[in-house]
């Protein structure tokens, strides 16, 4: 048996492990970050659950660090209070990016982790079965419900050889993306194995697992071996280590071979992580901004590599170099090693340990600028600018370009040096606040930006609406609802954040949606790729979007649509995408009956053109029940089943009929 199937077997509580069948997994750990977590905890509170039911839940603050007004500070106070009251650990602002900190301080080989961020699979670098999900699904996991996915195919990615001469873990995952694209991992777990795995440190494995999300993979996982043990022991957590690996001769549904010996530095061109070419093709391209960090490449080894290349040099006059240490631990370690002084002397601008420029929260490039980043995404508008040109590459390639002012091969600047993980990391967990010993005494602070939860009523028997927008392939959640410093602070204020739906794609969308009382959206392939932020489904729901008709959907976003009562429909014939245009009036009679009866298809009538197309309902029984109820929050609540005199009440989540607040 391969490793992924072993861990799924250990955590399986519902369903059969047959490809495409829905399965429910027991959740050991959860994580949230502030851009998605605020809504997740509001949803958790709405369920009425007295305390989290997981082994461990952690709330991180790493996105909305800018405090231009009181909104972010108010929400951070809410997050800290709700964590204290409900049994959640709270990582304070400044402690670091959730994925880096969780890898360092909380990851446990063999356990399951569900996080309200698409890059939660980072912890697959230590052998965790880690999934990115919408905030509502994380809230349900904290409440004790299983996490549901379709049983994926397991792709064995065999690594042979050893990385050479400035080739890096970044190049491994860029090679994967070059081969399978941004949707080639959909419905798949990428499991890395082979002799090459043993040559990679845990932070390198984490980089690869992190960016599996860009291929649409359900998750990515590495074995837990001697290097995993060394990493955890260096973090003084050696007691959680255990060996995990696929059985000898384990079978995989699909196979990919990567020879590390022959891997050369690669780079992803604008505007997609899979637009990958050899670095040599872009040599000489002028660069205006360089950014190193994010949850992908901000480890101690990454920043030591950057400092090594910058030592004795100064950043090119045309270039702005931004460096974001991934955690407080990393920050302190590069400071004590002298690498921080090297970075400062070279002219790097040192940012706090946070996501920062990755989702466009500060560090936005100049108009028309070329930005080279060691980040994971370069979708249009992701960086905060719609006309910037963002390239993705390894920290070494980024550092070399910062010095040269153009894309160059780092091998021409300095002899390659690979930094190994230290034998002992600096351990200081004082910015991680444990749950309160007296939760009943906690009064939760709720700033004026926190608004009540809004849900939709039960699904109508017939859906009617105008096609408000027709989109192409690979529409990201950043395009549906941008991040950016002025938008994410509205994450707990649904009426306010809904004003920005499709704002960078069509500024008239919100006004038209309001005027029409909602409607529908049509898209091509891989709709909803990228971030797991559920606001990209929640805000359209608030505006009255009833259905999205697409050729295909990204996994997390499709689940988010269902969770908020928006029906995801798939063209039965891809060519029918050409038969629908913006402004057409669509009608789907009998949609409620079709979902309830288990029908796999439904007719969509185009009243404007007098035509009919067929759409697939690629939904399991649980998803159908959720849509019929108008969304997941309508269908669950905590029921106290305690008997008289019981000192420890017990409860469970049960189905309920009435919605809480209708739009």
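Grab every C-alpha pair in region 266-412, bin the distances at 5 angstrom width from 0 up to the longest one, and report whole percents.
Histogramming region 266-412 at 5 Å steps yields 2, 12, 23, 25, 21, 12, 5, 1 percent.
Which of 343, 538, 617 comes first, and how do the rest follow, when ranked by fewest Cβ neighbours within 10 Å?
Values: 343 25, 538 30, 617 19.
Taking fewest neighbouring Cβ atoms as first place, the list is 617, 343, 538.
How tilted is helix 300-310 with respect to the longest principal axis of the chain? Cα atoms for both, answer in degrees (0 to 90, nearest 10).
50
Grab the eigenvalues of the alpha-carbon gyration tensor for region 287-331, scale each by 5, take roots, and send me the semi-axes largest first in whole angstrom. Before the final figure, lay out the partial values.
Details: eigenvalues 77, 32, 11 Å².
Result for region 287-331: semi-axes of 20, 13, 7 Å.
Out of all DSSP beta bridges with both ends in the chain, state the antiparallel percent to the nearest 5.
Working: 33 of 91 bridges.
Restricted to the chain, the bridges split so that about 35 percent are antiparallel.
For 406, 10, what's the fewest-to-most ordering of other Cβ within 10 Å of each Cβ?
Neighbour counts put them in this order, fewest first: 10, 406.
Indicate, rounded to the nearest 5 percent, the antiparallel portion of the DSSP beta bridges found entirely in region 463-635. Intermediate results must be reported in sequence, preceding the final value.
On the way: 14 of 28 bridges.
That works out to approximately 50 percent antiparallel.
How are the Cα pair distances of region 463-635 distributed, in percent, across 5 Å bins from 0?
2, 9, 19, 23, 22, 16, 7, 2, 0
With each run of n ≥ 4 DSSP H residues scored as -39500 (n - 2.57), what mean residue ellipticity at 222 nm is computed for the chain after dividing by its residue count and rounding to the nearest 500 deg cm²/dmol? Show your work: numbers first, answer last.
Numbers: 19 runs with 175 residues, N = 663.
The per-residue figure over the chain is -7500 deg cm²/dmol.
Bear in mind that the values in this text are calculations on the coordinates, not laboratory data. Every value quoted in this text rests on a predicted model; they were computed, and no experiment measured them. Cβ: placed from backbone, ideal geometry, glycine included. Neighbour counts: every protein chain shown.
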